[in-house]
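Below is one structure, written out as C-alpha cells; the observations come after it.
Taken together, the values in this text are just the output of simple stated rules run on the coordinates, not laboratory data. If you're wondering where the values come from, they're calculated on a predicted model, not measured in any experiment. Backbone-built Cβ (ideal geometry, glycine too); neighbour counts: all protein chains shown.
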C-alpha cells in the first residue's frame, strides 16, 4: 500500500469507499477493533460533511509512523462556503442541515489529533490522525 | 473513382462484399469470439451478413457520417448485438471487435480496387491513389463512430445490470422476519444510507400492520459502521414504528460500536441489547411469555415388549 492516496468525494458511494480505504489502512497499521471503528467512523462523518456542506471535495489518506507508533492521518478538503464560526460548529447539537449536529465534535473526540482550518468563502480543511494505542 | 469519397467507398464495398464478408468472419473466428462458446458460428454468420448488408445500403445512399439517418438501421443492429453481448458477459474488447475487425477487410477491398485500376494503367492509377486517403479517412471515421456507439450501448447495458443488482441487494438485505406472534426481527446488513433506510422503514411498517406486531427487534450486527447518519436513520425508523404502536429494541451492538457511539455523543433513546437472543428474551417477557425447559420426553420404545 502506498504511503498516501487521494480520493474524490462526490457522492455517497464515495463516502463508503473512503470508509473501506480507511479501514484497510487502519488494519495495515495494526489497529485493534475499537481503534479501527473510531477512525472509520470519524472518516465517515468528515467525508459526509465534505459532501453535504462543502459540496464535494477530496480526502488524502496517509499511513504515518512516529517514534515506533503507527497511525493513519486524513486530510479532508473542500472549496465550499466554509464555516463562519468554527467554535460553534464544534459544539454538539449545532447543525445547519438536518443532521444530529454531532459529526464534527464527535469526530474530534474520536481522533487523537484534530485540526480545522476554515473561513467563509475559503472552503474547509480538516485534518485528523489516530495512532495505534496498542 | 472520381466521384465523392462516399461513392468510392460504396463502390468498393458493393464490388467486394463477399470477400469482405468472408475475411471479416475469419478474423472474428481467429480472435476467439467463438472459442468461449457464448455465440454459435451460425449466429455470428447471420449477424455479420445482415450488418454488412445494412452498411452497404447506408453507404450506397451516400453517407459516411454514422450519425446520418441512413445508418439508423446499422446502429439499431449494433445496439442489438452489443446489448446481447453485454448480457452474455462478453468482454468490452470482444464486443468492440465486432465492428473494429471490419477495418482490415474494408482496407483490403480498397487495395483490390487500386490494383484493378493499376492494371488499367495511366490516369486511373493516379485517380485511385488520390482517392485512397479520402477512402481511408471515411472508412476509419465511420467504423470508429460505429465502434463508439457499440461501446456506449455495451456500457449502458452493464450499468443497467449493476443498477438492477443494486436494487435486488437492497431488497434482499432488508427482510422482516416473524420470531413469534407479535414479535418481528429486522436484521440489517451493510451500509444504512437514506435510500435503504426508506426501504427498511417501509418493509418494517407494513409488516407491523400485517402481523399486528407489538415489538420489533432491529438487529445491527451486520452494519459495519454506525455514524451519526446511520444513528439518525435508526432513530427515525424507531420513531415511525412507535407511531404505529410497536416498541423497538435495537440489538447486535458490538463493543467497538458502543464505544464509538459514546464518543460520538449519539444517544439511542431505545432499549438495546448486545445480541438478538437477549432482545428476543426481553420481547417475550414484555408480551408475557417465557421460554422454559421442557421435561424430557422419553422416546417411545421401539418394537415389542
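Key figures for this structure:
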{"read-out": "Mean-position separation - Cα centroids, segment A:67-90 and segment B:205-260, in angstrom", "value": "31"}
{"read-out": "Degrees separating the helix B:255-264 axis from the principal Cα axis of chain B, which is the longest one", "value": "90"}
{"read-out": "Calculated over segment B:171-231: convex hull of Cα atoms, volume per residue (Å³)", "value": "75"}
{"read-out": "In nm, spacing of pseudo-spin labels at residue B:214 and residue B:243 (7 Å Cα→C-beta vector)", "value": "2.4"}
{"read-out": "Label-point separation in nm, residue A:113 to residue A:133, each point 7 Å along Cα→Cβ", "value": "1.8"}
{"read-out": "Translational D in µm²/s for the protein assembly as shown (Stokes-Einstein at 37 °C, 0.692 mPa s, Kirkwood Rh from C-alpha pairs)", "value": "119"}
{"read-out": "Residue with peak Gaussian network fluctuation, chain B [Cα springs, cutoff 10 Å], from B:78, B:268, B:110", "value": "B:268"}
{"read-out": "Rounded to 5, percent antiparallel among DSSP beta bridges of chain B", "value": "20"}
{"read-out": "Calculated P(r) tail over 23 Å for chain B, as whole % of Cα pairs", "value": "69"}
{"read-out": "GNM top mover of A:75, A:95, A:37 - chain A, alpha-carbon springs below 10 Å", "value": "A:95"}
{"read-out": "Tilt relative to chain B, helix B:194-210 - C-alpha long axis, 0 to 90 degrees, to 10", "value": "50"}
{"read-out": "Residue A:20/residue B:287 FRET efficiency (R0 41 Å; Cβ-Cβ; nearest 0.05)", "value": "0.50"}
{"read-out": "Percentage relative contact order, chain B, counting C-alpha pairs under 8 Å, at least six apart", "value": "14"}
{"read-out": "Chain A: angle of helix A:33-52 to the longest principal axis, Cα-based, in degrees nearest 10", "value": "30"}
{"read-out": "Antiparallel bridges, percent of DSSP beta bridges restricted to segment B:177-286 (to nearest 5)", "value": "20"}
{"read-out": "Two-site FRET efficiency, residue B:65 against residue A:27, from Cβ-Cβ distance with R₀ of 51 Å, rounded to 0.05", "value": "0.40"}
{"read-out": "Helix-only mean residue ellipticity at 222 nm for the protein assembly as shown, each DSSP H run of n ≥ 4 adding -39500 (n - 2.57), per residue, nearest 500", "value": "-18500 deg cm²/dmol"}
{"read-out": "Segment B:177-286, relative contact order [Cα under 8 Å, separation at least 6], %", "value": "27"}
{"read-out": "Cα-based equivalent ellipsoid, segment B:5-169: semi-axes from gyration tensor eigenvalues, Å", "value": "33, 17, 12"}
{"read-out": "When the convex hull of its Cα atoms is projected in every direction, mean area for chain A (nm²)", "value": "7.6"}
{"read-out": "Compactness relative to 2.2 N^0.38 Å, alpha carbon Rg of segment B:177-286", "value": "0.98"}
{"read-out": "Inter-part distance where segment B:60-88 and segment A:1-30 are each reduced to a Cα centre, Å", "value": "42"}
{"read-out": "FRET efficiency, residue A:95 to residue B:31 (Cβ-Cβ, R0 60 Å, nearest 0.05)", "value": "0.55"}
{"read-out": "Two-decimal ratio, segment B:78-123, of alpha-carbon radius of gyration to 2.2 N^0.38 Å", "value": "1.83"}
{"read-out": "Extended-chain gain in nm, criterion 0.36 nm per residue less alpha-carbon gap, residue B:171 and residue B:278", "value": "35.9 nm"}
{"read-out": "Size descriptor, Kirkwood hydrodynamic radius, that averages inverse alpha-carbon separations across segment B:109-191, Å", "value": "18.6"}
